[in-house]
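Colleague: Pasting a structure here, questions to come.
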Amino acid sequence: MSYAPIRKSHLSEPGISVWGGQARVLLIEDDDLFREMLADLLKEMGHRVETAASVAQGGAKAAEDSWDLVLVDLRLPDGSGLELLPSLQRLPRPPRILLILAAGEGVPELPPPLAGVEGFIRRNASLRETRTLLRKALAFRESSSSEAVYLPLQLAEVVGRSAAMWPCFEALARAAGQEEPVLILGEAGTGRSLFARLLHAHSRRSLGPMVSVSAAALSTGEGHLPSAPASPWPTLSRQARGGTLFLREVEALSPQLQHSLAHLLSRRQAAPGVGFRLVAAGSLDPGALARDGTFLPELWEHLAGLIIRLPPLRERQEDIPELAFFHLMRLCPPGNRKGLGPDFLEALVDYPWPGNVAELVEVLTQALRAAGAEPVLRAWHLPPGLRPVRSPLSADPPPAPDPGLPAEVSFKEYRRRVVAQAEKAYMEALMIRVQHNVKEACRLSALSLPRLYALLKKYHLRA
């Protein structure tokens with residue numbers, strides 16, 4: 001299925017722009033740790049990454065393929081990254097370009113032919129700043145592909161920008177430009193109703209009404225509809241005319257209502273653009289149910305064209321701290337804001353969350369009640385099933401530092417040695433504990449990714 005491109009000439013903050021398909025990124029950087037960090041970040045964002053460590057390697061790879069974005073270090077072993085810019089901009093399809101600067105390095109003055117450089121990434125920038133800059137550079141990507149979709153999405157209500165969420169944003173962007181029925185699949189508590197509201201708000205029917213109804217209630221006659229339960233569609237069609245009909249728990253729709261809805265959608269196909277747009281949601285895949293004979297295949301065919309699959313919270317663990325802070329601010333009364341202790345956040349990330357975000361909100365509510373007037377939520381405020389038994393590093397405590405006799409050195413030098421040995425011991429124990437998984441190391445240590453890589457480089461440890 002192909003889609004007409006929806007393009008926007010600027011990024012709409014606080015929204016983001018998304019597109020269909022992965023970007024091709026060339027990273028030219030000689031620092032092994034920083035190159036690995038940026039490559040991992042780009043891959044996590046869903047893009048294809050090739051790397052080079054010199055001007056010669058970078059120039060050769062740039063000529064081998066078509067690139068959407070090229071990141072170039074200014075200082076390479078065989079010259080300056082600026083030497084590559086003229087050849088990059090002479091390519092048949094010039095890429096976006098970001099220059100990599102050292103901490104404190106001044107922005108170079110570029111001659112007019114090179115003034116189109118997208119921007120600069122500093123080595124000491126936070127992970128959030130780096131990710132934002134990369135997204136903005138890639139958001140303007142021009143593509144001749146018929147699958148490309150550009151749409152500014154206002155996602156202030158959606159907390160979390162993990163790799164698992166980006167396919168959802170891309171599917172939302174595609175669906176927002178269409179009139180076909182949409183199916184939102186996900187476990188309870190993953191945000192199906194939120195994505196339905198976002199889809200309505202970004203669609204061509206945003207000025208019309210959005211009517212939400214439970215398929216289970218319709219099937220049992222418990223819906224608040226004046227017409228008979230066997231035929232709710234005429235009434236719902238009138239209520240949602242010009243807007244969106246959101247049908248929750250679609251798998252609970254009775255066989256009779258499945259047949260009548262499939263018939264209604266078939267009639268609407270002959271006269272598109274009138275009536276309502278159907279957005280269905282469920283926790284069970286109607287496709288699998290149709291194969292088992294418990295869901296009408298004709299109705300499944302209508303729903304199968306545009307699907308948004310929402311990941312469970314256990315598959316987007318890196319979003320849990322941000323989700324916790326966001327909902328904590330909503331739950332705390334004004335003037336009584338609370339903080340989150342590292343042991344509290346660690347316990348949240350380690351928990352599998354069968355109830356997803358809805359369960360997270362309930363746990364935060366219980367913890368706030370348990371904390372009372374205490375200013376910071378700690379692990380002991382959690383319900384018993386979530387409290388950690390021990391610290392994740394307690395099984396392998398870092399060895400006690402042996403910095404030498406205090407009398408032999410000044411206090412300042414003694415303190416420096418103690419701190420350095422303690423840092424190195426901690427980093428060694430941490431990387432052994434996480435089996436050199438950098439993302440897990442950041443989570444356990446609460447260090448930013450650039451800071452983690454800086455410490456690994458400082459003590460000559462493997463990432």
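The values are calculated or read from the model by the stated rules, or taken from the named source; none is laboratory data. Note that the structure is predicted; figures quoted are calculated from it, not measured. Neighbour counts are summed over all protein chains in view; Cβ atoms, including those assigned to glycine, are modelled from backbone coordinates with ideal geometry.
Colleague: Could you please find all residues in segment 63-80 being over 31 Å from the mean Cα position of the chain (by Cα) and either surrounded by 17 or more Cβ atoms within 10 Å (Cβ to Cβ) or not in a strand (DSSP E or B) (or both)? Working first, answer last.
Modeller: Within segment 63-80, the subset over 31 Å from the mean Cα position of the chain (by Cα) is 63, 75-80.
Result: Ala63, Leu76, Pro77, Asp78.
Colleague: Output yes when any residue across segment 211-232 is over 26 Å from Ala358 (Cβ atoms), at pLDDT 90 or above and surrounded by 16 or more Cβ atoms within 10 Å (Cβ to Cβ), and no when none is.
Modeller: Within segment 211-232, none of the residues are over 26 Å from Ala358 (Cβ atoms), at pLDDT 90 or above and surrounded by 16 or more Cβ atoms within 10 Å (Cβ to Cβ).
Colleague: Is it true that Ala324 is assigned by TED's automatic domain parsing to the domain that holds Ser254 and of a type in the set (A, V, I, L, M)?
Modeller: When the stated conditions are applied, Ala324 does not pass them.
Colleague: Please indicate, with yes or no, whether at least one residue in segment 353-368 is crowded, with 16+ Cβ neighbours inside 10 Å, touching a helix residue (DSSP H, G or I) at 6+ places or on another chain (Cβ under 6 Å) and modelled with pLDDT under 90.
Modeller: Scanning segment 353-368 turns up no residue that is crowded, with 16+ Cβ neighbours inside 10 Å, touching a helix residue (DSSP H, G or I) at 6+ places or on another chain (Cβ under 6 Å) and modelled with pLDDT under 90.
Colleague: In segment 299-330, which residue that is of a type outside the set (D, E, K, R) and outside any helix (DSSP H, G or I) is surrounded by the fewest Cβ atoms within 10 Å (Cβ to Cβ)?
Modeller: Gly305
Colleague: Looking at segment 233-247, is at least one residue closer than 18 Å to Leu289 by Cα and at pLDDT 90 or above?
Modeller: Yes, segment 233-247 contains at least one residue that is closer than 18 Å to Leu289 by Cα and at pLDDT 90 or above.
To keep it simple, each residue is scored yes or no on (1) part of a strand (DSSP E or B); (2) modelled with pLDDT of 85 or more; (3) β-branched (Val, Ile, Thr).
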{"position": "Glu50", "(1), (2), (3)": "yes, yes, no"}
{"position": "Lys61", "(1), (2), (3)": "no, yes, no"}
{"position": "Glu83", "(1), (2), (3)": "no, yes, no"}
{"position": "Leu99", "(1), (2), (3)": "yes, yes, no"}
{"position": "Glu105", "(1), (2), (3)": "no, no, no"}
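Colleague: Looking only at residues that are within 22 Å of Phe325 (Cα to Cα) and touching a Gly at 6+ places or on another chain (Cβ under 9 Å) in segment 169-197, which one is surrounded by the fewest Cβ atoms within 10 Å (Cβ to Cβ)?
Modeller: Ranking the qualifying residues of segment 169-197, first place goes to Ala188.
Colleague: Residue check, Gln256 against (1) at pLDDT 90 or above; (2) of a type outside the set (A, V, I, L, M); (3) in contact with a helix residue (DSSP H, G or I) (Cβ under 8 Å, 6 or more places away or on another chain); (4) assigned to a helix (DSSP H, G or I), all met but one. Which one?
Modeller: Unmet for Gln256, out of (1) at pLDDT 90 or above; (2) of a type outside the set (A, V, I, L, M); (3) in contact with a helix residue (DSSP H, G or I) (Cβ under 8 Å, 6 or more places away or on another chain); (4) assigned to a helix (DSSP H, G or I): (3).
Colleague: Considering only segment 437-459, state which residues are farther than 13 Å from Met37 by Cα and in a loop (DSSP other than H, G, I, E, B).
Modeller: Within segment 437-459, Ala446, Leu447, Tyr459 qualify.
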